[in-house]
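One structure is given below, encoded as structure tokens.
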Amino acid sequence: MRISKAVFPAAGLGTRFLPATKAQPKEMLPLVDKPLIQYVIEEAVGAGIRNITIVTGRGKNAIEDHFDVSYELERVLEERGKENLLNEVRLISNMINVSYVRQKEALGLGHAIWVARDAIGNDPFAVLLGDDIIHSQVPCMRQMIDVFEKLQGSVIATCEVPHSEIHHYGVIAGTPVEGFGGRVYRVQDVVEKPPAEEAPSNLAIIGRYILTPQIFGFLEKTRTGSGGEIQLTDGIRLLLEQQPVYAYMFEGRRYDAGDKLGFLKATVEFALRRDDLGAEFRTYLKSLKL
Ligand code: G1P
């Protein structure tokens, strides 16, 4: 079974980033000069996934425009002989086969995935959340597909987070699976945003999943949970009663770009890594009397 499809939920209201997100989708906020969503889509493409279903809501047209052909812009860049930019702009629209489904009400992440059921059909698929930006040698989703291919079961990305932050995440209880260097767990339970004292571990769910299509049936049965929303974590809790679910501790650095401080850290570190900006930016940062 090959993973060729992914769902990218982008219907959230982006309240954590107001007022920047009042009239602009949070997925379009730029890290240096590229919108958040493009980093995540490039990760999917780097993992061999080209069919992407984006779940949108009201006010998300800029996302559709971003992955569409922009004839006017291309003509202007062509006339001005700006080849590099032209290629870059063309690459964005050629990168993926994209379809859009609309989540009419913001009923939660679980519901957003369920809305994509017809686009996905009966194959295992990937889910990538735009708040989590992962910098790694091998794309995180590629690493997860390798685990999926070996174990043939759903795979959730995980990493350890400090006890004081665990209540912001879905949390995993699991037992290590041999042969993966301590990076893979068989999931026994998952809990969405438990109070720290009730968290079963310090293993947080990070926004990358490979799910079998049976998840859709369970999401349909999932009741409103944490925060009054239909949670993907609760759907997975039902799924793992029927089939094995694994958690994978990925290699790479993850940024919580949905949080202001996380977004700033990502901005600084991505800028420092850039060939065209890194050196000068480093000199500037060093010059600050902090
Ligand atoms: C979502 C999931 C949560 C997960 C998190 C990772 O929560 O519901 O289980 O830990 O993404 O970023 P959100 O941050 O969207 O509230």
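The values are calculated or read from the model by the stated rules, or taken from the named source; none is laboratory data. What you are looking at is a predicted structure, and each value in this text was computed from that prediction instead of being measured. Positions of Cβ are generated from backbone atoms using ideal geometry, with glycine treated the same way; all protein chains shown enter the neighbour counts.
Can you list residue pairs whose Cβ atoms sit under 7 Å apart, with the first residue in the stretch 16-27 being within 12 Å of residue 258 (Cα to Cα) and of a type in the set (Phe, Trp, Tyr) and the second being assigned to a loop (DSSP other than H, G, I, E, B) and at pLDDT 90 or above? Count only pairs 6 or more apart in sequence or on different chains.
As it stands, the answer is 17/29, since those pairs meet every condition given.
For the stretch 28-57, give me the residue count where each residue is without any contact (Cβ under 8 Å) to a residue 40 or more places away in the chain and not in a helix (DSSP H, G or I).
Filtering the stretch 28-57 down to residues without any contact (Cβ under 8 Å) to a residue 40 or more places away in the chain leaves 28, 30, 33-35.
In the following step, the residues that additionally are not in a helix (DSSP H, G or I) were identified as 30, 33-35.
So the answer is 4.
Going by what's in this entry, would residue 189 be described as among the acidic types (Asp, Glu), assigned to a helix (DSSP H, G or I) and within 16 Å of the ligand (Cβ to nearest atom)?
Working: among the acidic types (Asp, Glu): yes; assigned to a helix (DSSP H, G or I): no; within 16 Å of the ligand (Cβ to nearest atom): yes.
Taking the combined requirement at face value, the residue does not satisfy it.
Quick one: which residue in 227, 217, 207 is near the ligand (Cβ under 10 Å from one of its atoms) and over 19 Å from the mean Cα position of the chain (by Cα)? Lay out the reasoning, then the answer.
Numbers: 217 fails: near the ligand (Cβ under 10 Å from one of its atoms); 207 fails: over 19 Å from the mean Cα position of the chain (by Cα).
From the options 227, 217, 207, the qualifying one is 227.
So in the stretch 241-259, with the set limited to residues that are within 17 Å of residue 171 (Cα to Cα) and crowded, with 20+ Cβ neighbours inside 10 Å, which one is nearest to the ligand (Cβ to nearest atom)?
256
Can you tell me which residues in the stretch 146-173 are small (Gly, Ala, Ser), within 24 Å of residue 223 (Cβ to Cβ) and either part of a helix (DSSP H, G or I) or out of contact with any helix residue (DSSP H, G or I) (no Cβ under 8 Å at 6 or more places or on another chain) (or both)? Please lay out each step first, then the result.
First, the residues of the stretch 146-173 that are small (Gly, Ala, Ser): 153-154, 157, 164, 170, 173.
The next check asks that each one be within 24 Å of residue 223 (Cβ to Cβ); those that pass are 154, 170, 173.
173 - this is the single residue of the stretch 146-173 that is small (Gly, Ala, Ser), within 24 Å of residue 223 (Cβ to Cβ) and either part of a helix (DSSP H, G or I) or out of contact with any helix residue (DSSP H, G or I) (no Cβ under 8 Å at 6 or more places or on another chain) (or both).
Does at least one position in the stretch 275-289 carry a residue that is part of a loop (DSSP other than H, G, I, E, B), away from the ligand (no atom under 15 Å from the Cβ) and over 28 Å from residue 27 (Cα atoms)? Don't jump to the end; show me each part of the working.
Of the residues in the stretch 275-289, the ones part of a loop (DSSP other than H, G, I, E, B) are 275-277, 288-289.
This time we only want the ones that are away from the ligand (no atom under 15 Å from the Cβ), so: 275-277, 288-289.
This time we only want the ones that are over 28 Å from residue 27 (Cα atoms), so: 288-289.
Checked against the condition, which is being part of a loop (DSSP other than H, G, I, E, B), away from the ligand (no atom under 15 Å from the Cβ) and over 28 Å from residue 27 (Cα atoms), the stretch 275-289 yields at least one hit.
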